[in-house]
Amino acid sequence: MMKTTRREMLASAGALGTLALAPTLARATPAGESAQALLAGIAEEMLTDYPETALYLGIDKGARATLRGRFANRTHGADVDRASRAAKRLAQLRKVDRRALPADIALDVDTAEAAYTLAVDGWHAMPVGTVATLDTNNSFRNTPYTVSQLAGAYSDLPDLLENKHDVADAGDADAYLARIESYAAAVDGETGRTIADGAKGAILPDFLIGITAGQLKGMVAQPIAEWPIVESFAAKCVKAGLPPRHAEQAAILSREKVLPALERQIAAFDTLRPKAIATPGVWARPGGDGWYRWLVKAGTTTNETPEALHQLGLAQHRAINAEIDILLKAQGLTIGSVGERLTALSKRPDLLFADTDAGRADLLAYLNGRIADIRTRLPRAFGTLVKGNLVIKRVPPAIQNGAPNGYAGPGSIDGSQPGIYYINLKSTKTWPRYSLPTLCYHEGIPGHIWQGEYSYRLPLIRSLLAFNAYSEGWALYAEQLGDELGAYDGDPLGRIGYLQSMNFRACRLVVDTGLHAKRWSFAQALAWFQEATGMPVNQLTAELQRYCAMPGQACGYKMGHNEINRLRAVAKAKLGTGFDLKGFNDLIVKTGNVPLTLLDGIVARYVAGT
């Protein structure tokens, strides 16, 4: 792994780097205007297909107000219609003559074509589950399983209603109530697809059905008045000075519409469970090998084979562990394998927060402190800074059993809504103190939330299109920047945590391909994962359950990180003393989310321009 020294970092901080690929002003040519009109139309179609995106970005207003009272149609018929229209859009994009366009518009068209190619290929390769490539909020969630412990309308939409739908007047309240009805319809739509896909053999492993059904049953067991979509809405209405009838109607709709829909989904899983198998790998499902090849391509935006990814993960795991070994020995930890010593370190009482509400509050306060610290360092790594508007929250307890350990997304385009960085606090023992700083840099700033705010400065189509390998590769690169900016000076355990995080992502390449291509059992994958990383077994169990439900996605992290570092090394070698780290970082983050196949050319033009 290529690493910039502190001296190089400080030198580049004083350099006047110029972004060679800064978007050029779009020339008012007929070809440019035509391409922009096509892209704008595609963007609006994406918002119509996925109104959740407009809510998430805070743009479901004005001309888009019709999106404010509904969510996406999640039925099989609607998905077939989306696939058909995507094929037509792809044909239009392929006809655009790039030679007649300014570089920035040509890149926008190339990015859109790559996204639509991936989606159309996905609908052909995997005619079950969810092809999510064009769904901005969930573009990483390509999976043969429409509903799982990780995802589904049952868990996604309440979070959006509670955290993103503001209520300032009666119109907002009415739109919220309409969305509650749409939420119920979305659950039913996914239930129908789950049953239909189950008939084709696309059934979650039985142990994941247990977790998913358990989360659903926990939701319906909660009194309606305490449902977050009811309770938080009532508070919003009081704050807006609205009469109680709105909150009362939310409770009625939840009881009469949402509750029966959730119960129907529970019944569907109860019907499917006897047909489910325990085998975790997608290879054991009809057509699963073909599904996995596309899922790996979607997750990495490369053409690498599962076997190549597996071997790469093993090699990087060995290299990173060798570095961790040196640091552990410096701390007097010399007995046992690297994994065994990391396991022992993670259990030290002085490094754990109390597994109580007070301990969780202390942990959240510590995370906020790490974010505050890294903010002071970012001017040394970027020439152009964004706000990094975020709040840190605990994963809702109702879904914590199946939720990832941490995840985040940027706020609204206008800045009125902050990005939310979620951490799963089911058990604080999952999070020894030294493991937390690097998580903050990944999920918060300069990771996901930071990167997302740059995308808002691009044309709308570029704010909507996202690629897993770029997103997660950037977030890992953000962890690396934390190290290079001196966040671990005087904190050797924190640097061990950072390297353990990098090793963890290399190991993801091994276990994801192990489960789905090399036919590992869950127990085999867990044993290897724990020995290789030394991370808590409960944390790794949840991780493996995630890879079972969403095959291939975990392969994008290290592949994206590797490519960004490879291109940085190329630029540094070619530019020599002219290389400016702030300029390079600006290039990667300001260019916006692209498939890895386009990143090489972007950096080549930057080098030539510099």
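Observations, loosely collected:
- Label-point separation, K387 to R99 (7 Å along Cα→Cβ), nm: 4.5 nm
- Cα point-scatterer Debye curve for the range 469-610, base-10 log of I(q)/I(0) at q = 0.12 Å⁻¹: -0.58
- In the range 496-587, the portion of solvent-accessible area held by carbon and sulfur atoms comes to 57 percent [1.4 Å probe, whole percent, DNA, RNA and ligands not counted].
- Counting every pair of alpha carbons in the chain, the share spaced more than 37 Å apart comes to 33 percent.
- Stokes-Einstein D in µm²/s, Kirkwood radius over Cα pairs - the range 493-533 at 10 °C with 1.306 mPa s viscosity: 150 µm²/s
- Solvent-free Debye calculation, one equal scatterer per alpha-carbon of the range 412-475: log10 I(q)/I(0) at 0.12, 0.13, 0.18 Å⁻¹ equals -0.38, -0.44, -0.75.
- FRET efficiency, E263 to K200 (Cβ-Cβ, R0 25 Å, nearest 0.05): 0.55
- Between A240 and T48, the modelled label-to-label distance comes to 2.7 nm, taking each label 7 Å out from Cα in the direction of the beta carbon.
- Here the calculated FRET efficiency for E304 and E256, from their Cβ-Cβ distance with R0 = 56 Å, stands at 0.65, rounded to the nearest 0.05.
- Pair R375, L327: separation of 7 Å Cα→Cβ label points (nm): 2.6 nm
- Scaling against 2.2 N^0.38 Å puts the C-alpha radius of gyration of the range 20-137 at 1.15.
- Here is how the number arises for the chain: DSSP H runs of 4 or more residues each give -39500 (n - 2.57), the sum is divided by the residue count, and the result at 222 nm is -20000 deg cm²/dmol.
- The slack between R605 and K217, meaning 0.36 nm per residue of separation minus the straight C-alpha distance, is 134.3 nm.
- Probing with 1.4 Å while keeping every protein chain in the model, the per residue accessible area of the range 518-571 equals 28 Å².
- Rounded if a/c under 1.5, otherwise prolate or oblate - the range 324-398, Cα gyration tensor axes: oblate
- Two-site FRET efficiency, E33 against A178, from Cβ-Cβ distance with R₀ of 35 Å, rounded to 0.05: 0.45
- For the chain, the membrane-span-like helix rule (DSSP H, alpha carbon extent of at least 30 Å along the helix axis, mean Kyte-Doolittle at least 0.0) picks out 103-125, 306-330, 492-516; this says nothing about an actual membrane.
- Label point 7 Å beyond Cα of Q311 along Cβ direction - residues of the range 265-300 with amide nitrogen under 17 Å: none
The values are calculated or read from the model by the stated rules, or taken from the named source; none is laboratory data. Computed from a prediction, not measured in an experiment: that's the story for all the values here. Methodologically, a virtual Cβ is constructed for each residue, glycine included, from the backbone with ideal geometry; neighbour enumeration extends over all protein chains shown. All accessible areas refer to the heavy atoms of the entire protein, side chains included, with ligands and DNA or RNA removed. Shrake-Rupley method; radii C 1.70, N 1.55, O 1.52, S 1.80 Å.
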